[in-house]
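Input: a single structure, listed below in structure tokens.
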Amino acid sequence: MRDYLFFEGMSIDCIIGLAEWERMVKQTVILDLKLGVDIRKVASTDQVSEGDFNTKKLSKRLRAFVENSQFQLIETLAEKVAALILEEFPVTFVELRLSKPGAIRGSDNVGVVIFRGDDI
């Protein structure tokens with residue numbers, strides 16, 4: 001299967017970073033996702049039923065998880081987000097780009113891209 005849904009530019013504020021000042025103020029991270037989802041069933045019924053992938057549920061779950069997280073590294077946050085998606089949602093793979101704008105002086109953005117799951 002090669003179907004996927006994508007989310008781009010999901011901006012969420014959280015505690016993230018190693019420096020002492022970063023532990024006291026929320027900073028913005030941005031998530032871009034590709035999620036392996038067979039869309040044929042929902043496309044044929046034009047409805048989302050219990051057990052189907054639900055974009056609104058995913059968005060709310062990720063926002064709550066990331067807002068309440070306090071990891072030091074974006075790599076750790078990326079791993080935890082990917083694991084959460086694979087465990088709680090009917091997806092075959094996750095491609096996650098997690099970035100932290102302004103993290104490095106002179107750079108617009110810094111981030112990590114990870115791929116997890118069966119269909120990569």
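Among the residues of the stretch 1-17 satisfying the criterion of being outside any strand (DSSP E or B), of a type in the set (A, V, I, L, M) and at pLDDT 90 or above, which is farthest from Val112 (Cα to Cα)? My answer is Ile15. Of the helices (runs of 4 or more DSSP H) that lie entirely inside the stretch 18-108, those containing 1 or more residues that are in contact with a Cys (Cβ under 6 Å, 6 or more places away or on another chain) span 55-68. Among the residues of the stretch 109-120, those that are part of a strand (DSSP E or B) and either surrounded by fewer than 16 Cβ atoms within 10 Å (Cβ to Cβ) or in contact with an Asp or Glu (Cβ under 6 Å, 6 or more places away or on another chain) (or both) comprise Val112, Val113, Ile114, Phe115, Gly117. Among all residues of the stretch 83-101, there is none that is over 20 Å from Gly117 (Cα atoms), free of Cβ contacts under 8 Å to residues at least 60 places away in the same chain, of a type outside the set (A, V, I, L, M) and in contact with a strand residue (DSSP E or B) (Cβ under 7 Å, 6 or more places away or on another chain).
Per-residue answers, yes or no, for (1) more than 16 Å from Phe6 (Cα to Cα); (2) touching a helix residue (DSSP H, G or I) at 6+ places or on another chain (Cβ under 7 Å):
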{"position": "Ala64", "(1), (2)": "yes, no"}
{"position": "Phe71", "(1), (2)": "yes, yes"}
{"position": "Val81", "(1), (2)": "no, yes"}
{"position": "Leu84", "(1), (2)": "yes, yes"}
{"position": "Pro90", "(1), (2)": "no, no"}
{"position": "Leu96", "(1), (2)": "no, yes"}
{"position": "Ile104", "(1), (2)": "yes, no"}
{"position": "Val113", "(1), (2)": "no, no"}
{"position": "Arg116", "(1), (2)": "no, yes"}
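Considering Glu79, Glu95, the condition of being among the acidic types (Asp, Glu), surrounded by 13 or more Cβ atoms within 10 Å (Cβ to Cβ) and closer than 20 Å to Gly9 by Cβ is satisfied by Glu95 alone.
The values are calculated or read from the model by the stated rules, or taken from the named source; none is laboratory data. Remember, predicted model here, so these are calculated numbers, not experimental data. Quick reminder, even Gly has a Cβ in these numbers, built from the backbone with ideal geometry, and neighbours come from all protein chains shown.
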